[in-house]
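First comes the structure, then the notes that go with it.
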Amino acid sequence: MSALALPFKNWPETDRAMWRSLFQKGGVLDDNGSLSHLRLTTQKTLQERYGRWIGWLTRASPEVLFEPPAQRFTQERLSNWLKSLSHTSTTSQHMFVHATLQVLKSAEPARDWRKHTCTLKWLNAHAKGDQGRRKQGRVLSSAVLFKAGLQLAASEADATNTILKSAKYRRDGTMIALLALMPMRCRSFVELTLGTSFEVTAQDIVVRLSGDMTKNGLPWESPVPKSLHLVLRRYLEEVRPWLLSRGGQTTDVLWVDNKGAPYSESYFAQRIRGITERATGIRISPHLFRDSAATTLSRKSPKDAGLIRPLLAHASFGTAELHYIQAATIEVGRDYADILDKELPTRCGSA
């Protein structure tokens, strides 16, 4: 959690009571809170972002904390909060305001929120423009990312002069290569676990994400293309056990750090940026691997572009569309692997 976000335990009691009512699970005689349907990870995100608002109020106008939560969120204070956030991107500002407005609108839906909504729409429009500019030159094809990871895991690892550096290169390159082939969300990738979401047999390696590992709650499945098997198996059979023993760790989580501990989501995202900069000369976040997959498919053909939505687990929750995407997601994962397998070398080189 950011140091600027006030922890829940330090919120005013009125805010904590509001929060509990929004997320309470009703019993036989009680109704569910209006946000109780949200997944736990979404609730945590909302809590941190709303905590940014409360944290700012605590520092800037502590006297207003005695007011009811929705009453505090005036246009003037929103404007001042945004000024204090001027050092952040418009995308971050949009996320903070969106979360805060979602919580307060849910608590008091009858209140007039039109001006706040207009501000949110303005932020959203500018955030999209900022995202486009930031992505320029940073969305590489999935094949390029795969080959960069493969080279790091094989020939560059072979050329190192220490066991630790070789192990790091093999692990880092394998992560990049797998993420290029299977553009999972960061949280899903770091939560991959041997025997459940990551299954290895003598013939196959399969990624199976349950609904609680995807943003839209739908399962996602795909075999790992054969092109990566040799490098991936070397990580599993040699590198990972060595890293675990180095730190005296025991875990079924697939990806571990230099001392065998599972990665946190935030550190993993930071590390991927560093690895890609070393391998390609460009800092690429885990999320941009998803843009790379979409770009790769779009360039192949209009037919392949149709795979983008279910491949990335994007779904509208319209009933008919939801059933279609749930049925298609697993097959699409396999189709994408087949497309890339045809584009990539059949052998991994030395590993």
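The values are calculated or read from the model by the stated rules, or taken from the named source; none is laboratory data. The shown structure was predicted, so the numbers you read here are calculated from the model rather than taken from an experiment. Virtual Cβ from ideal backbone geometry, glycine too; neighbours counted across all protein chains shown. Surface accessibility is based on the protein's heavy atoms, side chains included, excluding ligands, DNA and RNA. Shrake-Rupley method; radii C 1.70, N 1.55, O 1.52, S 1.80 Å.
Against the globular-protein guess of 2.2 N^0.38 Å, express the Cα radius of gyration of region 55-111 as a ratio, rounded to two decimals.
Here the answer is 1.13, to two decimals.
So which chymotrypsin sites (Phe, Trp or Tyr not before Pro) in region 210-260 end up in coil per DSSP with only 15 or fewer other C-beta atoms within 10 Å?
Nothing satisfies the criteria.
Per-residue accessible area for residue 179 at 1.4 Å probe radius, Å² rounded to 10?
Accessible surface of residue 179 is approximately 0 Å².
Report the Stokes-Einstein translational diffusion coefficient (µm² s⁻¹, integer) for region 232-281, Rh taken as the Kirkwood radius over Cα pairs, at 10 °C with viscosity 1.306 mPa s. Show your work: numbers first, answer last.
Details: Rh = 11.6 Å.
Stokes-Einstein gives a translational diffusion coefficient of 136 µm²/s.
Give me the percent of the accessible area of region 147-188 that comes from carbon and sulfur atoms, probe 1.4 Å, all protein chains in place.
Working: 680 of 1330 Å².
After summing per-atom areas, the C and S share lands at 51 percent.
Over 24 Å between C-alpha atoms is what I'm after, so list which of 168/215; 215/259; 83/105; 9/105 land there.
Beyond 24 Å between Cα atoms: 168/215; 215/259.
Residues of region 217-293: accessible area per residue at 1.4 Å, in Å²?
43 Å²
In the calculated pair distance distribution of region 252-295, what percentage of Cα-Cα distances lie above 11 Å?
I get 68 percent for the Cα pairs in region 252-295 exceeding 11 Å.
How would you rank 91-101, 155-165, highest first, on the average number of other Cβ atoms within 10 Å across their residues?
Working: 91-101: 19.6, 155-165: 13.0.
Packing proxy ranking, top to bottom: 91-101, 155-165.
Please list, short to long, the whole-number percent of alpha-carbon pairs of region 199-251 in consecutive 10 angstrom bins beginning at zero.
21, 35, 36, 8
Could you give the spread of the C-alpha atoms of region 159-266 along their three principal axes, from largest to smallest, in whole angstroms?
The Cα atoms of region 159-266 stretch 44, 28, 22 Å along their principal axes.
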